[in-house]
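Asker: Right, I'll just put the structure down here and ask away after.
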Amino acid sequence: MAEISNPQVVTFANEQVRPIADQFYKLYYKALSVNQNYNSNDIGSAINAGGAGELIADGSQVDGRTRITGGDIYNLMTAIGQFIAYMEGSAVTTADRRSVITKPHVQDAV
């Protein structure tokens, strides 16, 4: 099989494609972990009990981080679920995008 040896393509593959595949790979597995922790620890119910519109007492009021609410967590968890569904394929498309990031990925998942 012929190889592409164009230095520009090789540099792009090594310096941009493989690193971003690693980042997607890590993000996918981190998203799975966060989603499992959210569900197994019933965080949604705890947010409901405290009031989804209420601010999270996470120290951000004194350290300069933007304050977030329970609703902000809901919104991020929705985005995480959508990312996982996208990576795994969905009813709309059956393409398993994990293979797209797994092939060029180099580092182990964290």
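Asker: From the list Q36, Q82, which one is at pLDDT below 95 and either under 20 Å from the mean Cα position of the chain (by Cα) or assigned to a helix (DSSP H, G or I) (or both)?
Answerer: Q82
Asker: Looking at V17, V9, can you tell me which residue is free of Cβ contacts under 8 Å to residues at least 40 places away in the same chain and under 28 Å from Q107 (Cα atoms)?
Answerer: Details: V17 fails: free of Cβ contacts under 8 Å to residues at least 40 places away in the same chain.
The match here is V9.
Asker: Quick check on the stretch 86-108. Is at least one of its residues under 15 Å from the mean Cα position of the chain (by Cα), at negative phi and at pLDDT 95 or above?
Answerer: No: zero hits.
Yes/no matrix, rows are residues, columns are (1) of a type in the set (D, E, K, R); (2) surrounded by 11 or more Cβ atoms within 10 Å (Cβ to Cβ):
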position	(1), (2)
V17	no, yes
A21	no, yes
K26	yes, yes
Y29	no, yes
L32	no, yes
N39	no, yes
I47	no, yes
A52	no, yes
G59	no, no
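Asker: Additional query: Scan the stretch 1-27 for residues that are among the polar types (S, T, N, Q) and not in a helix (DSSP H, G or I) and report the count. It would help to see each step written out before you state the result.
Answerer: Filtering the stretch 1-27 for residues among the polar types (S, T, N, Q) gives 5-6, 8, 11, 14, 16, 23.
Next, only the ones that are not in a helix (DSSP H, G or I) stay: 5-6.
Here the count works out to 2.
The values are calculated or read from the model by the stated rules, or taken from the named source; none is laboratory data. Computed from a predicted model, the values in this text were never measured in an experiment. No Cβ is skipped: glycine too gets one built from the backbone with ideal geometry, and neighbour counts run over all protein chains shown.
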